[in-house]
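Structure first, commentary second.
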Ligand code: 5GP
């Protein structure tokens with residue numbers, strides 16, 4: 001783990017990393033702690049098998065999404081792999097008011113938008129151990145066709161260049177180790193400091 005600012009003062013936790021780096025698995029594990037609440041983004045991408053509307057994402061068509069952009073409902077939004085994704089403002093505000101750690105799993109451009117807006121939080125980049133390991137994971141999980149995998153790999157290489165902008169980088173070469181590092185970084189293992197809003 002490398003970190004330039006390991007003192008977590010905000011209660012918003014932003015996690016990014018290339019597709020296939022294991023960030024979703026790490027986020028799921030983190031969510032087993034009830035002090036952590038997941039930010040359900042809106043998206044126009046088709047629902048994958050096993051996903052539920054309102055749980056993984058709020059699934060909208062492009063017209064509905066654009067209407068919510070016009071209404072100012074998103075704190076940030078971006079086009080990722082040809083689909084639109086956005087972070088909704090109201091649930092974020094409600095979770096912060098309730099003293100939760102609000103976990104936002106978001107792509108690099110979205111995270112950097114939040115940072116540029118001055119949104120206070122801890123920004124963590126999850127990195128695969130190597131480009132080869134990332135290819136193996138993406139091919140192994142078999143959720144996407146080869147051309148999509150190639151696109152994701154190209155994007156991953158670009159995203160890795162932005163890792164230095166985050167407060168911390170965790171290299172996910174071992175899931176248990178990465179998870180321990182993440183919990184420690186967020187302050188979940190050092191009493192209830194974040195949850196109680198110190
Ligand atoms: P997937 O379709 O595989 O679930 O997600 C594709 C990418 O979109 C991931 O990098 C994910 O982190 C990102 N993403 C998910 N929600 C949001 C969001 O609200 N805003 C932005 N900018 N990216 C998001």
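Worth a mention:
- Label-to-label distance for residue 133 and residue 93 is 4.1 nm, based on points extended 7 Å past Cα in the beta-carbon direction.
- Here is how the number arises for the chain: DSSP H runs of 4 or more residues each give -39500 (n - 2.57), the sum is divided by the residue count, and the result at 222 nm is -11000 deg cm²/dmol.
- Once both labels are positioned 7 Å from their Cα atoms along Cα-to-Cβ, the gap between residue 24 and residue 180 label points is 2.7 nm.
- The slack between residue 48 and residue 164, meaning 0.36 nm per residue of separation minus the straight C-alpha distance, is 38.6 nm.
- Distance cut-off 25 Å, percentage of C-alpha pairs in the stretch 11-186 lying past it: 31
- Gap separating the Cα centres of the stretch 124-173 and the stretch 39-111, nearest whole Å: 21
- Short-range pairs are left out: with C-alpha atoms under 8 Å and at least six residues apart, the relative contact order of the chain is 36 percent.
- 141, 135 arranged by Cβ crowding within 10 Å, fewest neighbours leading: 141, 135
Laboratory data are not the source of any read-out in this text; all were calculated from the coordinates shown. The structure displayed is predicted, hence computed values, not measured ones. Note: ideal-geometry Cβ built from the backbone for every residue, glycine included; neighbour counts use all protein chains shown.
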